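Okay, so here's the structure we're looking at.
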Amino acid sequence: MAERSGGYSPQFERLGSILVKEGFITQEQLDRSLAEQKKVKKKLGDVLVDLELLTGRKIIQALAKQMGIAAVGDDELLEADEKIVSLIPESFARDNNLIALRRHDNVLRVAMIDPDDIVALDNLSKLTKLQVEPVIATKDGISKAIERLYVRVRKSGEVSELMEDLRFFGETEEGEEEGEIDMSQMPADLADAPIVKLVNMMLVEAIRERATDIHIETTQESMVVRLRVDGVLREVMAVPKSSLPGVVSRIKILSRLNIAEHRLPQDGRFTVRSPEKDLDIRVSVLPTVFGEKIVLRLLDKTGFSMDLTQLGFEQRMLSIFRKWIVQPYGMIIIAGPTGSGKSTTMHAALQEIKSTEINITTVEDPVEYQQDGINQVQVKEKIGLTFASTLKFILRQDPDILLIGEIRDAETADIAVKFSLTGHLVFSTLHANDAPSTITRLLDIGVPPFLVGSCLNLVMSQRLVRTICPHCKESYRPSVAELEMLDLDPSEHKETLFYLSKGCVHCRNTGYFGRTGIFEILEIKQPIRRLIYDNANLEDVREKALSLGMITLRDSGIRKVIEGITTVKEVLRSTIQE
């Protein structure tokens, strides 16, 4: 700091000198970096980042001082208004690594990685007919901003074109067959209707983004559409609130719901056929203070192709699970919240054990995956085809294995237990937080302890965590605080590498692509059975299970962090510390 007061002027200093005088690096680190620079022929800033001596943010702070301009952080780049961003064509922004941030009168502030690029500045001034004020930002920050913001610009433009036509068309067309959209053979006049185009655009975007759910909800000013991708919601478009009645009516007509009813919740379904896949869409309409909210659940009808090895099981857990799914009778229960992959795991198990020698029957609501060689029954509450009523007649169908989509009440639980005690293998799901609490949940439903202890073979709880994008995956050494959050000993894991992703075009700058399972398996061995017979409390069951070698959900997640499959953030988001 004493050097700075003695006439230090960054504009007349070399970058390395500025970094030393600002206290970002030592002279020894600078000398080491300059020696490395001669070998690799890179810019000094890139060498410092490669050697992990500085972050890109520190480099641009020093460059900003040298150039006498402002430095902009990555977060500020992502906050730019799409209308300002759209002043620069996307192709020009990508080719020159720059993005527009704000405009004041005739001056356009633009973030660049090289504010000395006179050619780019001159071309940009001619292109926009504005005076350009350059600021400096990191390359990664500008790349992320371009990917994220220009997606919004494109969607905004598509929606604006649709909304302009709304003044000339009605809310929807009713000539199409109810309950089904064939997106590859839709009549031109119907496909061009603005509301129809808007709903179709939501569905196409959801398919393209691998979404499992579409949320259509209203605020005081607009209708917002969000997609759930890899278990996390993200906003993809916002349109004027005036479009809501048309969108709601369109979806209700397809779902064969009452379009005149706006006060009560409604449930329905329809099918979408596209060149890529066939989807069964489950519709839920819920009245809110700002209007009706619609959630569309997308279920792939093109068949089930996953096997147990693709779900994320560790080898030991997979061996245990495989041991129990081939038993001749008993009950296997998979627990977890909605969207945790329970149905996928059950169908992967059936896929492995099905054969021409056994009769497998399922009762589901909904039938999420269709499989050849399995008899699948779709529950229809409206006509009285419930889990309980269906199960009463299935015994006459001579099943060997029965899958019950979910145990929801005492009657269904009683029938499932009796099936498992009379020579049948029963698979089912239950909403519970973990494997031990699944046992207490069955007792709460009303199943007597002696029956629970007699019928259960295996209880498994599971969650889905997002996997790190392989295209932008990077290693780092975890901090002591991170290790302590995971209850890991810092002295034992000081050399352990964790991984994360900075975000790229492949993962839409989220850092994640796809999901995998983490599991907690509780085998109902004799000590556990005795506790169930004695109606022991939850903590006693959990302690005994842990003493017998049960791996908790948190521990399963930690193992995937250490293997470089997921991140600390994902495990903390999905599990709790026991």
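The values are calculated or read from the model by the stated rules, or taken from the named source; none is laboratory data. Source: prediction; values computed, not measured. Because the Cβ atoms are built from the backbone with ideal geometry, glycine has one as well, and the counts that use them run over all protein chains shown. Heavy atoms of the whole protein, side chains included, go into the accessibility calculation; ligands, DNA and RNA do not. Shrake-Rupley method; radii C 1.70, N 1.55, O 1.52, S 1.80 Å.
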Quiz prompt | Radius of gyration and Dmax over the Cα atoms of region 38-91, both given in Å | solution = 14.9, 45
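Carbon-plus-sulfur fraction of the accessible area of the chain, 1.4 Å probe, in percent? Walk me through the numbers on the way to the answer.
On the way: 13940 of 28410 Å².
Carbon and sulfur: 49 percent of the exposed surface of the chain.
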Quiz item: When you take every Cα atom in region 236-394, what is the radius of gyration, and what is Dmax, the widest Cα pair distance, in Å?
Solution: 19.3, 59
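Let me know the volume per residue of the alpha-carbon convex hull for region 20-66, in Å³. Don't skip to the answer; put the middle values down first.
On the way: hull volume 3.1 nm³, N = 47.
Convex hull volume per residue, Cα atoms: 67 Å³.
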Self-check item: Degrees, to the nearest 10: 410-420 long Cα axis against longest axis of the chain
Solution: 70
Exercise. Just need the Rg to Rh number for the chain, please, alpha carbons only, Kirkwood Rh.
Key: 1.05
Self-check item: Estimated vicinal HN-Hα couplings, Hz - region 558-574 in sequence order (Karplus 6.51, -1.76, 1.60; Gly, Pro = x)
Solution: 4, 4, 6, 5, 5, 6, x, 8, 9, 10, 4, 4, 5, 5, 5, 6, 9
Practice problem: At 4 °C and 1.567 mPa s, grab the translational diffusion coefficient of region 312-415 from Stokes-Einstein with a Kirkwood Rh over Cα pairs, rounded to a whole number in µm² per second. | Solution: 88
Quiz item: Mind listing P(r) for region 494-578? All alpha-carbon pairs, 5 Å bins, whole percents.
Solution: 3, 13, 18, 17, 14, 12, 8, 7, 5, 3, 1, 0
Quiz item: Taking the Cα atoms only, what angle lies between the long axis of helix 194-208 and the longest principal axis of the chain, rounded to 10 degrees?
Solution: 90
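Quick check for me: using +1 on Lys/Arg Cβ and -1 on Asp/Glu Cβ, what's the dipole size of the chain about its Cα centre, in debye to the nearest 20?
Dipole magnitude for the chain comes out near 840 debye.
Once the cut-off is 13 Å, how many percent of the Cα-Cα pairs in region 531-578 end up in the long-distance tail?
Values: 688 of 1128 pairs.
Of the Cα pairs, 61 percent sit more than 13 Å apart.
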Practice problem: Mind pulling the angle between the C-alpha long axis of helix 139-165 and the longest principal axis of the chain? Nearest 10 degrees, somewhere in 0 to 90. | Solution: 70
Exercise. Let me see the pair-distance distribution of region 199-313: every alpha carbon pair, 5 Å bin width, integer percents in order.
Key: 2, 11, 21, 22, 20, 11, 6, 3, 2, 1
Quiz item: For the chain, what is the calculated [θ] at 222 nm in deg cm²/dmol (nearest 500), taking -39500 (n - 2.57) for each run of four or more DSSP H residues and dividing by its residue count?
Solution: -11500 deg cm²/dmol
Practice problem: Could you tell me, in Å, what Rg and Dmax come out for the Cα atoms of region 428-578? | Solution: 18.4, 56
Quiz prompt | Cross-link partners of residue 569 among lysines (Cα-Cα below 29 Å; sequence separation of 8 or more within a chain) | solution = 58, 139, 144, 342, 473, 494, 502, 560
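May I ask you to give the solvent-accessible area per residue for the chain, in square angstrom, as obtained with a 1.4 angstrom probe?
Details: 28410 Å² over 578 residues.
That works out to 49 Å² for each residue.
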Quiz item: Taking only the alpha-carbon positions of region 270-362 and ignoring solvent, what does the Debye formula give for the base-10 log of I(q)/I(0) at q = 0.11 Å⁻¹?
Solution: -0.49
Exercise. Could you list which residues have their amide H under 5 Å from that of residue 135, counting only those 5 or more apart in sequence or on another chain, with H placed in the peptide plane?
Key: 110, 111, 112
Quiz item: Under the Kirkwood approximation applied to all pairs of distinct alpha-carbon atoms, what is the hydrodynamic radius of region 366-426 in Å?
Solution: 12.3
Quiz prompt | Within the chain, percent of DSSP bridges classed antiparallel, to nearest 5 | solution = 65
Exercise. With N denoting the number of residues in region 1-138, provide Rg(C-alpha) divided by 2.2 N^0.38 Å, to two decimal places.
Key: 1.17
Quiz item: What list of ³J(HN,Hα) values in whole Hz, one per residue of region 338-354 in order, does the Karplus curve 6.51 cos²θ - 1.76 cosθ + 1.60 (θ = phi - 60°) give from phi, with Gly and Pro shown as x?
Solution: 4, x, 9, x, 4, 5, 4, 5, 4, 6, 5, 5, 5, 4, 6, 9, 5
Self-check item: Sequence of 368, 495 from largest to smallest accessible area, 1.4 Å probe
Solution: 495, 368
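If you average the sequence gap of Cα pairs under 8 Å that are 6 or more apart and divide by the length of the chain, what percent do you get for the contact order? Intermediate results must be reported in sequence, preceding the final value.
Working: 989 pairs, mean separation 49.5, N = 578.
Contact order relative to length: 9 percent.
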Practice problem: Might you report the magnitude of the Cβ-based charge dipole of region 451-526 about its Cα centre, with Lys and Arg at +1 and Asp and Glu at -1, to the nearest 20 debye? | Solution: 520
Quiz item: For the chain, can you list the cysteines whose C-beta has no other cysteine C-beta under 4.7 Å from it?
Solution: 455
Quiz prompt | Cα point-scatterer Debye curve for region 254-299, base-10 log of I(q)/I(0) at q = 0.17 Å⁻¹ | solution = -0.52
